[in-house]
Amino acid sequence: MPTLVLLRHGQSQWNLENRFTGWWDVDLSDKGITEARAAGALMRDKSLDFDCCFTSVLTRAIRTLHLALHEMDRLWLPVAKDWRLNERHYGGLTGLNKAEMIEKVGAEQVKIWRRSFDIPPPLLDADSPYQLTGDRRYADVDVPSSESLKNTIERVLPYYDAEIAPALRAGKRVLVAAHGNSLRALEKHLSNISDEAIVGLEIPTGQPIVYELGDDLSLIRRYYLSDA
């Protein structure tokens, strides 16, 4: 039975500060480090094991994966890193405090930017300090200036089909450490969640989600490992 485990990174420093993060590379907070280690210990204690891992090119996801694997004595496992598993790009909201934005433009507008399926936030200004066009990680990437959840799904699912699904079909046990919105993209596909329902799906930090799949990668069972 193919097994896929999804793990959202532990709390980041900007999660702690209630700021929009997106593609900006922010490290884990102290709590996030603890969450990542606890996730690894839980997977170890529940006798989960893996053959390969996938993550984004952002520090908070990579470090979460490494800390979890360290707890499992599995740091030697092969890891593929790809920008297509990055968090959704929050455009002009990047770096801004969420509560302050609610005061400035209203809760309803912020909710639309955060939770609508296909309405992206305002574009990131060309002279923004959060521009990534010169970042080596994205030398061959057309870096977006903003993304909706729909845009995020449109890059995540082709990567899943090309890289992750073949590993699952080959019988490999797979761990994906990524972000709230890139994992929502995978959950939407795997659990056949509608466009309307996916906007309400919340994925907590540092909590492994287990997908037991059929040979055709259809869903058999989904559960949080802490509830197993």
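A few comments on the model shown:
- Taking (1) in a loop (DSSP other than H, G, I, E, B); (2) in contact (Cβ under 8 Å) with a residue 24 or more places away in the chain; (3) surrounded by fewer than 20 Cβ atoms within 10 Å (Cβ to Cβ) in turn, I33 satisfies each apart from (1).
- The stretch 105-121, residues that are at pLDDT 90 or above and either within 21 Å of the chain's Cα centre (by Cα) or among the basic types (K, R) (or both): F117, D118, I119, P120, P121
- Inclusion of A61 among residues that are in a helix (DSSP H, G or I), in contact with a helix residue (DSSP H, G or I) (Cβ under 8 Å, 6 or more places away or on another chain) and within 27 Å of L149 (Cβ to Cβ) is warranted.
- Of the residues making up the stretch 1-33, those that are closer than 18 Å to A68 by Cβ and of a type in the set (V, I, T) are T3, V5, I33.
- Just one of the listed residues (S29, S47, S12, S56) is modelled with pLDDT of 95 or more, of a type in the set (S, T, N, Q) and farther than 28 Å from V143 by Cβ, namely S47.
- All of V105, V110, V57 fail the test of being of a type in the set (V, I, T), over 18 Å from H9 (Cα atoms) and surrounded by 18 or more Cβ atoms within 10 Å (Cβ to Cβ), apart from V110.
- Applying the set (1) without any contact (Cβ under 8 Å) to a residue 12 or more places away in the chain; (2) buried (at least 23 other Cβ atoms within 10 Å of the Cβ); (3) not polar (S, T, N, Q) to W23 leaves exactly one unmet item: (1).
- Residue match in the stretch 88-104 (condition: under 24 Å from V176 (Cα atoms), under 17 Å from the mean Cα position of the chain (by Cα) and either in a strand (DSSP E or B) or free of Cβ contacts under 8 Å to residues at least 40 places away in the same chain (or both)): no
- Every residue from the stretch 186-196 that is within 15 Å of L219 (Cβ to Cβ) and either out of contact with any helix residue (DSSP H, G or I) (no Cβ under 7 Å at 6 or more places or on another chain) or not charged (D, E, K, R) (or both): L186, E187, H189, L190, S191, N192, I193, S194
- Verdict on A61 being of a type in the set (G, A, S) and modelled with pLDDT under 95: no
- In the stretch 172-228, the residues that are free of Cβ contacts under 8 Å to residues at least 40 places away in the same chain and among the aromatic types (F, W, Y): Y223, Y224
- Subset of the stretch 82-102 [under 18 Å from D161 (Cβ atoms) and not hydrophobic (A, V, I, L, M, F, W, C)]: D82, R84, N86
- Counted residues, the stretch 1-20 - those being crowded, with 24+ Cβ neighbours inside 10 Å and assigned to a strand (DSSP E or B): 4
The values are calculated or read from the model by the stated rules, or taken from the named source; none is laboratory data. All figures in this text were calculated on a predicted structure; none of them were measured in a lab. As a convention, Cβ positions derive from the backbone with ideal geometry for all residues, glycine included, and neighbour counts pool all protein chains shown.
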